């Protein structure tokens with residue numbers, strides 16, 4: 001690259017502040033890291049847009065100054081980012097035909113079209129998500145699915161990528177997605193440096209789920225497996241297998257797997273892996289226990305099993321994770 005990558009943030013009245021500034025901070029940190037390690041290498045150029053140049057007011061009342069009107073962007077945007085907003089401001093943005101028309105025209109021309117939180121509903125209203133996988137904040141997933149049946153809604157993703165279009169879940173997930181864009185543009189090593197500076201995960205523990213396994217268990221209380229999920233919470237060192245859990249639930253393994261997936265959204269094996277991973281992450285962050293003890297107290301059968309799970313789901317070893325965080 002011989003020129004900065006232009007990121008156009010399409011703001012509007014009432015946009016969620018962190019949806020706008022969170023990703024910008026990630027892009028800015030990339031520029032700072034490059035300035036220290038590779039000062040000749042161009043980074044990002046962030047341009048803020050709105051209905052007209054000048055200040056616009058975000059949801060919390062903080063005013064941001066737009067560099068240009070949407071239609072007056074002086075350079076071609078490599079990436080267009082659309083933030084979300086609460087219901088009233090969102091509805092107004094979704095009724096703004098000039099905004100939707102500009103998105104429908106410029107979105108496909110950009111190398112990447114990105115949304116944060118309920119910004120995906122604006123993209124859907126502009127017809128830019130038809131036939132594509134997409135996500136949004138968990139509170140608005142059903143709205144996205146019902147109002148835009150041509151969108152392939154991902155129920156629980158932190159962010160999705162389908163071709164040139166990327167969508168993310170609520171608020172801070174926009175920073176996760178921005179970090180993924182940094183990795184795509186500048187490589188994993190540079191993205192890790194940005195993550196360290198921002199005290200972020202390059203990849204959150206437990207994969208791309210919006211909810212931890214413990215929160216997911218609380219959300220299905222009262223279901224057929226509620227007593228079993230409560231038992232798992234109360235026995236964090238358990239090394240129970242899927243077969244053991246099926247027996248405890250008084251079900252056949254096949255029926256147990258079917259009911260478990262229906263109530264939690266995950267297979268029993270995947271649920272156990274993520275539960276143990278989250279426990280081990282807490283131990284690594286909060287204690288100096290040896291890795292063998294962390295693995296045992298988290299429910300893993302061995303430190304090697306814990307290591308394999310970390311590499312698969314987080315991308316680093318437990319030792320590297322402890323060193324970094």
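The values are calculated or read from the model by the stated rules, or taken from the named source; none is laboratory data. Given the structure is predicted, the values throughout are model-derived calculations rather than measurements. Every residue, glycine among them, receives a Cβ derived from its backbone with ideal geometry; neighbour counts consider all protein chains shown.
For the range 144-167, enumerate the residues that are in contact with a helix residue (DSSP H, G or I) (Cβ under 8 Å, 6 or more places away or on another chain) and either surrounded by fewer than 16 Cβ atoms within 10 Å (Cβ to Cβ) or assigned to a loop (DSSP other than H, G, I, E, B) (or both). If the condition is that a residue be in contact with a helix residue (DSSP H, G or I) (Cβ under 8 Å, 6 or more places away or on another chain) and either surrounded by fewer than 16 Cβ atoms within 10 Å (Cβ to Cβ) or assigned to a loop (DSSP other than H, G, I, E, B) (or both), then 147, 148, 151, 155, 156, 158 are the ones that fit. If the condition is being more than 16 Å from residue 114 (Cβ to Cβ) and crowded, with 23+ Cβ neighbours inside 10 Å, then the range 73-91 contributes only 90.
Summed over the range 297-310, the residues that are touching a helix residue (DSSP H, G or I) at 6+ places or on another chain (Cβ under 9 Å) and in a helix (DSSP H, G or I) give a count of 9. Scanning the range 34-57 for residues being crowded, with 21+ Cβ neighbours inside 10 Å and farther than 16 Å from residue 113 by Cα gives a total of 2.
Just give me the residues in the range 58-72 being over 28 Å from the mean Cα position of the chain (by Cα) and surrounded by 14 or more Cβ atoms within 10 Å (Cβ to Cβ), in sequence order. I'd like the intermediate steps shown before the answer.
First pass over the range 58-72, keeping only residues over 28 Å from the mean Cα position of the chain (by Cα): 68-69, 71-72.
Once the filter is applied, which keeps residues that are over 28 Å from the mean Cα position of the chain (by Cα) and surrounded by 14 or more Cβ atoms within 10 Å (Cβ to Cβ), the range 58-72 yields 68, 69, 71.
The set of residues from the range 311-324 being at pLDDT 85 or above, within 14 Å of residue 196 (Cβ to Cβ) and assigned to a loop (DSSP other than H, G, I, E, B) is empty. Yes or no: the range 60-68 includes at least one residue that is modelled with pLDDT under 95 and touching a helix residue (DSSP H, G or I) at 6+ places or on another chain (Cβ under 8 Å). Yes, some residue in the range 60-68 is modelled with pLDDT under 95 and touching a helix residue (DSSP H, G or I) at 6+ places or on another chain (Cβ under 8 Å).
Residues being surrounded by fewer than 19 Cβ atoms within 10 Å (Cβ to Cβ), farther than 30 Å from residue 183 by Cα and either more than 21 Å from the chain's Cα centre (by Cα) or outside the structural domain of residue 225 (by TED's automatic domain parsing) (or both) are entirely absent from the range 304-323.
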